[in-house]
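The values are calculated or read from the model by the stated rules, or taken from the named source; none is laboratory data. All of these numbers come straight from a predicted model, not from anything done at the bench. Methodologically, a virtual Cβ is constructed for each residue, glycine included, from the backbone with ideal geometry; neighbour enumeration extends over all protein chains shown. Surface areas here come from the heavy atoms of the whole protein model, side chains and all, with no ligands, DNA or RNA. Shrake-Rupley method; radii C 1.70, N 1.55, O 1.52, S 1.80 Å.
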Amino acid sequence: MMLIEFIAVTVEDAKLIEKSGADRIELVSGLTEGGITPSYGLIEKVVKSVTIPVNVMVRPHGQSFCYSEDDIEIMKNDIRVIRTLGANGVVLGMLDKQGNVDFRLLEELLTDIGSMEVTFHRAIDSSNNLIEAAGKLDRYKEIKTILTSGGHGDWQTRLETLRKMNEICKETEILIGSGLTKDNIREVDEQVGTNCYHFGTAIREDHNMLKSVSLEKALQIVHTLK
């Protein structure tokens, strides 16, 4: 089954995304920073304004994917509030100072998840070994999705990494994101075929992070995949 996820930063974005026929919303603020936690007011309004699932970014700042004890307390509190606001899930990721996925911190945050779904976000693309990290993340029942571009190498290397990640993960969906457009998504789907795709700037006016979602562009991608 195909899953198409689009990024929203406003209530209007979310409404247009639902209208396009997409399956899920990733709600963030600070798109130019790679996404940070949106305000509680925005989360509540978006969740009440659409019927499709809304997954909310939990990232206290855009400086890095390494977090202090204060950051961790903020993230835990954000998760608890997001849960009470009725979101479908949270989107998070963390690395240690050596560039490995910080599983200790991950497990600490998962204790506050409740019944929400978890997407481990593109922090994994900056980790030392994407394939090994994906295999370990696959063991956590709370983690339903890994959002990844296959790292930061050239396109063919990334496609091969994505194929290997998809093969190793038995329980977790590999959600491919970053750089996807209506023009290349067919190639990616044919070569990797995870059936899970994530779009940000590709659905925005002029492909500009600071502009709103274009219903026309969103519809083109949905029609291309479905």
Accessible area of His198 in the full protein assembly, 1.4 Å probe (Å², nearest 10) = 10 Å²
query = Sorting Met209, Met1 by accessible area (1.4 Å probe), largest first, what list results?
reply = Met1, Met209
note = For the chain, the charge dipole (Cβ of Lys, Arg +1; Cβ of Asp, Glu -1; about the Cα centre) points to a positive end, and the Cα of Met116, Gln220, Ser178 closest to that extreme belongs to Gln220
inquiry  = Which residues among region 62-85 fall inside the zone where the amide N is under 19 Å from a point 7 Å beyond the Cα of Gln98, along Cα→Cβ?
reply    = 65-68
remark   = Most fluctuating of Val118, Val90, Val188 in the GNM of the chain (C-alpha, under 10 Å) is Val188
task = For Glu12 and Glu107, compute 0.36 nm times the residue count separating them, minus their Cα-Cα distance, and round to one decimal in nm.
result = 30.8 nm
key: Segment Lys141-Ile168, length gained on full extension (0.36 nm per residue, minus Cα span)   = 8.2 nm
task = With a/c under 1.5 counting as rounded, go ahead and sort region 13-130 into rounded, prolate or oblate using the C-alpha gyration tensor (a ≥ b ≥ c being the square roots of the eigenvalues; past the cut-off, prolate if a/b is larger than b/c, else oblate).
result = prolate
task = Over the chain, average the accessible area per residue using a 1.4 Å probe and give it in Å², no decimals.
result = 44 Å²
note = Calc'd 3J(HN,Hα), region 171-180, phi into Karplus 6.51 cos²θ - 1.76 cosθ + 1.60 (θ = phi - 60°), Hz, glycine/Pro = x, comes to 10, 10, 7, 8, 9, 7, x, 5, x, 6
key: Largest to smallest accessible area among Lys217, Lys45, Lys164, Lys141 [probe 1.4 Å]   = Lys141, Lys45, Lys164, Lys217
message = I need to check one value: relative contact order of region 1-155, counting alpha carbon pairs closer than 8 Å and at least 6 residues apart, in percent.
response = 16 percent
request  = Could you calculate the FRET efficiency of Gln156 with Glu44 from 1/(1 + (r/R0)^6), where r is the beta carbon distance between them and R0 is 41 Å, rounded to 0.05?
outcome  = 0.40
task = Only helical DSSP H runs with n ≥ 4 go in: add -39500 (n - 2.57) per run for the chain, normalise by residue count and round the 222 nm mean residue ellipticity to 500 deg cm²/dmol.
result = -11000 deg cm²/dmol
Long-range HN-HN contacts of Ala8 with modeled amide H, under 5 Å = Glu26, Leu27, Val28
inquiry  = Which of the three applies to region 75-226, rounded, prolate or oblate, going by the alpha-carbon gyration tensor with a ≥ b ≥ c and a/c under 1.5 meaning rounded?
reply    = oblate
request  = Output ³J(HN,Hα) for region 65-81: one whole-Hz value per residue in order, computed from phi by the Karplus curve 6.51 cos²θ - 1.76 cosθ + 1.60 with θ = phi - 60°, and x for Gly and Pro.
outcome  = 9, 9, 10, 7, 4, 5, 4, 4, 4, 4, 5, 5, 5, 4, 4, 4, 5
